[in-house]
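Reading through the structure tokens given below for one structure.
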Amino acid sequence: MASLQDTIHPYVGESQLNSNSSATQTSLEMLLKAPLEVETSAPMPNHGVVDHVIRVEPWSNSDNGISLTWEDLWVTVPDGKGSRRPIIQGLTGFARPGEVLAIMGPSGCGKSTLLDALAGRLGANTRQAGDILINGQKQCLSYGTSAYVTQDETLIATLTVREAVYYSAQLQLPNSMSKSEKKERAEMTIREMGLQDAMNTRIGGWGAKGLSGGQKRRVSICIEILTRPKLLFLDEPTSGLDSAASYYVMSRIAKLEQREGRTIVTSIHQPSSEVFRLFTNLCLLSSGRVVYFGPASATIEFFASNGFPCPTLQNPSDHFLRTINKDFDEDIEQGSSGKKVTEEVIDILVQSFKSSDAYEEVKRQVSQICKQGGNESVDQKSRSHASFFTQCLVLTKRSSVNMYRDLGYYWLRLAIYVFLCLGLGTIYYDIGSGNNSIEARGAMLMFIASFLTFMAIGGFPSFVEDMKVFERERLNGHYGTTAFAIANTLSAVPYLLLVSLIPGALAYYLTGLQRGFEHFLYFDLVIFTCMMLVESLMMIVASIVPNFLMGIITGAGIQGLMILGGGFFRLPNDLPKPFWKYPLYYIAFHKYAYQGMYKNEFEGLVFPSEQTGGRGGVVTGEYILKNQFQVEMGYSKWVDLGILMGMVVLYRVLFLVIIKTLENVKPAISKFMSVKSKQKIQVMENPTATPTHMN
């Protein structure tokens, strides 16, 4: 397979910058038709000196690689005025095995949109038109054949590099591989990305220092290449990195292409000259239009032939972006003919490319790739995940480790609960059995069932981070929603038991509630179940409102309504029937928590009758439950607990249904939009003109 070393083609010398347009088009055609040239000199900018060049024949589809082609590709989004505006306008191009295709351009030019379109990750509100083919065919890639590395480093901050990659290997690689083989694959992948010295370093996040930005980016790449995908998408892998870190990351990526012949497509914002020399081909965009597509090494000559030469010793990518960035609309020098505004410059370059032999060569290459791959599909060897049971086990273990190490997940809550329950126990210390203890018992139990469990939303930010990791891994096919929900539930149970047991014991025994282990056990089970319910509710909120601040507000608002309608602040018979009584009172879990705790506490107790008028000098707990708290006495407290546990299951199933629905609905909407846009799509061929493109 053809392999790139440190650089692709030497930059064009200064003498070449003065060549005329026709000569340039001829040279561009020769570059496209010629075998790939790879330079083995040191990775430093060189504007005219070539040390040593090796010619390597390009890969073909018969080598079981993946060739990706797209033709007349359009993507539009709503403009808020009832019509649509184009993000990508009629792009044609290709990506071949053993090559690195860089998608470059100013901010907002459509780089990430093009990458998402090629990877099949466009949002539901977008419409796509045009053909995207894999080896000349419309086909779906099997699991493990392609991978997508997002721009954001969505990693579990508490894990070490070794743990993060090894857990991912256990999830992605099949059960036919032994644990030792998976571990060896994980460590080999870590070494491939140059992270062997950081294996035992935690990834780190806002709460603790860990890996550098470049190392985190390489960990993300490690996780996605464990299955040895043939097609790799990377969204701005150098974003936020300095030039040294950017070069190190990209050089490691280029080595993947060299050794294994992967097809690599990456969007990149503004690479250094050293990074630029690692690219095989370049797709240069501006406002969704292609300014240039072809060998990266020939881009300087293309700009020079149109009157925009790159100054000596200037980073070529800086020159390209400055020339086609119309955000600041600076005048651009155009040789001796004076200055032109950026919009005119972009139009000149776009039209020059479309009328060049280079553009015709791109279309010829696309046609040739389609013909070569038209009779064969991608080698779809059976690649399977780990079994469902293994996925649940690994995810449970990984989640447990994260919960144990993340102080904000449960430990901080445990400390706050202990202090609150100590305060609650001292306020209601040794409450006694007088008439004044009746109201105090009810208020204390209400506080436990409402406000103590209400604080379970404190773990929402940590869960949102887990959801980000889950969303990335789900989109890349690592595991399914059911495995995640089961693992999250199982891993949370021990911590919630601990959080409910210790503070619950302090509040129960300091207050002096009804004696007997059975009563304390029920009291603690209700706290535990209510905390599970709140966490389940927040899971549902997180699936709909992924922003943690909006999620906390939404979850707090929902619980606030449930508390108001739970039957304490307003007795059940006094609740207004519309909304508050029907249906809120019956669907709020606080109703069953209050009534279960009241029954657990008051049944079997007697109180002096001075305050109530008395019957034989005492009043029973059952009388208080029925008349003072208006508790439904037709069923036992265990039924209330059973209903609460059933609501936990219902909320978790509802979370699964929402995620599954979103999984199925979004692709269906995208497919419908794509079909609709193929029938008729109106986009601007030239934003400064009025004619539209009809497809």
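The values are calculated or read from the model by the stated rules, or taken from the named source; none is laboratory data. Predicted, not measured: the structure shown is a model, and the values here were computed from it. We place every Cβ from the backbone using ideal geometry, glycine too, and count neighbours over all the protein chains shown. When the accessible area is computed, the model is the full protein with side chains, heavy atoms only, and any ligands, DNA or RNA have been set aside. Shrake-Rupley method; radii C 1.70, N 1.55, O 1.52, S 1.80 Å.
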Query - Subset of segment 464-484 [touching a residue at least 40 places away in the same chain (Cβ under 8 Å), assigned to a helix (DSSP H, G or I) and not charged (D, E, K, R)] - result: VAL464, MET467, VAL469, LEU475, THR481, THR482, ALA483, PHE484
Requested in this report: Kindly list the number of the only condition in (1) in a helix (DSSP H, G or I); (2) modelled with pLDDT under 85 that fails for ARG383.
Outcome: (1)
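Table: residues versus (1) of a type in the set (D, E, K, R); (2) modelled with pLDDT of 95 or more; (3) in contact with a helix residue (DSSP H, G or I) (Cβ under 7 Å, 6 or more places away or on another chain).
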residue	(1), (2), (3)
ARG405	yes, no, no
ARG413	yes, no, yes
CYS421	no, no, yes
SER437	no, no, no
Report summary line: Exactly one of ILE221, ILE190 is without any contact (Cβ under 8 Å) to a residue 60 or more places away in the chain and of a type in the set (Val, Ile, Thr), and that one is ILE190
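Of all residues in segment 424-458, which are in contact with a strand residue (DSSP E or B) (Cβ under 9 Å, 6 or more places away or on another chain) and of a type in the set (Val, Ile, Thr)? Give the steps one after another, and end with the answer.
Taking segment 424-458 and keeping what is in contact with a strand residue (DSSP E or B) (Cβ under 9 Å, 6 or more places away or on another chain), we get 433-435, 437-438.
Result: ILE438, single match.
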Requested in this report: Considering each residue of segment 511-546, count those that are of a type in the set (A, V, I, L, M, F, W, C), at pLDDT below 90 and surrounded by fewer than 18 Cβ atoms within 10 Å (Cβ to Cβ), and give that number.
Outcome: 2
Query raised in the report: For segment 559-569, does any single residue satisfy the condition of being among the small types (Gly, Ala, Ser), closer than 12 Å to ILE457 by Cβ and open to solvent by 20 Å² or more (accessible area, probe 1.4 Å)?
Result: yes
**Report entry** Sole residue being part of a helix (DSSP H, G or I) and at pLDDT below 90, chosen from ALA245, ALA298
**Finding:** ALA245
Query raised in the report: Within segment 248-271, is even one residue polar (S, T, N, Q), out of contact with any strand residue (DSSP E or B) (no Cβ under 9 Å at 6 or more places or on another chain) and either open to solvent by less than 10 Å² (accessible area, probe 1.4 Å) or modelled with pLDDT of 90 or more (or both)?
Result: no
Query raised in the report: Does segment 486-494 contain any residue that is hydrophobic (A, V, I, L, M, F, W, C), surrounded by fewer than 18 Cβ atoms within 10 Å (Cβ to Cβ) and touching a Ser or Thr at 6+ places or on another chain (Cβ under 6 Å)?
Result: yes
Query raised in the report: Which one of these does PRO229 not meet: (1) assigned to a helix (DSSP H, G or I); (2) more than 15 Å from ARG162 (Cα to Cα); (3) of a type outside the set (D, E, K, R)?
Result: (1)
Query raised in the report: Do you know which residues across segment 384-432 are open to solvent by 70 Å² or more (accessible area, probe 1.4 Å) and either at positive phi or of a type in the set (Gly, Ala, Ser) (or both)?
Result: ASP430
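Of all residues in segment 626-637 being touching a helix residue (DSSP H, G or I) at 6+ places or on another chain (Cβ under 8 Å) and part of a helix (DSSP H, G or I), which is modelled with the lowest pLDDT?
To start, the set of residues in segment 626-637 that are touching a helix residue (DSSP H, G or I) at 6+ places or on another chain (Cβ under 8 Å) comprises 628-633, 636-637.
Add one more test, that the residue is part of a helix (DSSP H, G or I), and what stays is 628, 637.
Values: GLN628: 89, LYS637: 94.
Out of the qualifying residues, it is GLN628.
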Report task. Would you confirm whether any residue within segment 573-585 is of a type outside the set (S, T, N, Q) and touching a residue at least 24 places away in the same chain (Cβ under 8 Å)? Result -> no
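Output yes when any residue across segment 187-209 is polar (S, T, N, Q), within 23 Å of PRO229 (Cα to Cα) and not in a helix (DSSP H, G or I), and no when none is. Full working, then the answer.
If we filter segment 187-209 for residues that are polar (S, T, N, Q), which is where we start, we get 189, 196, 200-201.
Next, only the ones that are within 23 Å of PRO229 (Cα to Cα) stay: 189, 196.
Now restrict to residues that are not in a helix (DSSP H, G or I): none.
Checked against the condition, which is being polar (S, T, N, Q), within 23 Å of PRO229 (Cα to Cα) and not in a helix (DSSP H, G or I), segment 187-209 yields no hits at all.
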Query raised in the report: How about segment 518-572: which of its residues are under 19 Å from LEU497 (Cα atoms) and hydroxyl-bearing (Ser, Thr, Tyr)?
Result: TYR522, THR529, SER536
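Among the strands (runs of 3 or more DSSP E) contained in segment 71-146, which hold 2 or more residues that are over 22 Å from GLU236 (Cβ atoms) and open to solvent by 20 Å² or more (accessible area, probe 1.4 Å)?
Details: elements: 84-95, 100-104, 127-134.
Fully inside segment 71-146 and qualifying: 84-95, 127-134.
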Report task. Considering every residue within segment 572-587, establish whether at least one is among the hydrophobic types (A, V, I, L, M, F, W, C), part of a loop (DSSP other than H, G, I, E, B) and closer than 21 Å to GLY442 by Cβ. Result -> yes
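Looking only at segment 180-217, which residues are open to solvent by 70 Å² or more (accessible area, probe 1.4 Å) and aliphatic (A, V, I, L, M)?
Of segment 180-217, the ones open to solvent by 70 Å² or more (accessible area, probe 1.4 Å) are 180-181, 183-184, 188, 191, 196-197, 200, 202, 206, 209.
MET188 - this is the single residue of segment 180-217 that is open to solvent by 70 Å² or more (accessible area, probe 1.4 Å) and aliphatic (A, V, I, L, M).
Determine which member of the set LEU549, LEU498 is open to solvent by 40 Å² or more (accessible area, probe 1.4 Å), under 28 Å from ILE156 (Cβ atoms) and free of Cβ contacts under 8 Å to residues at least 60 places away in the same chain.
Values: LEU498 fails: free of Cβ contacts under 8 Å to residues at least 60 places away in the same chain.
The match here is LEU549.
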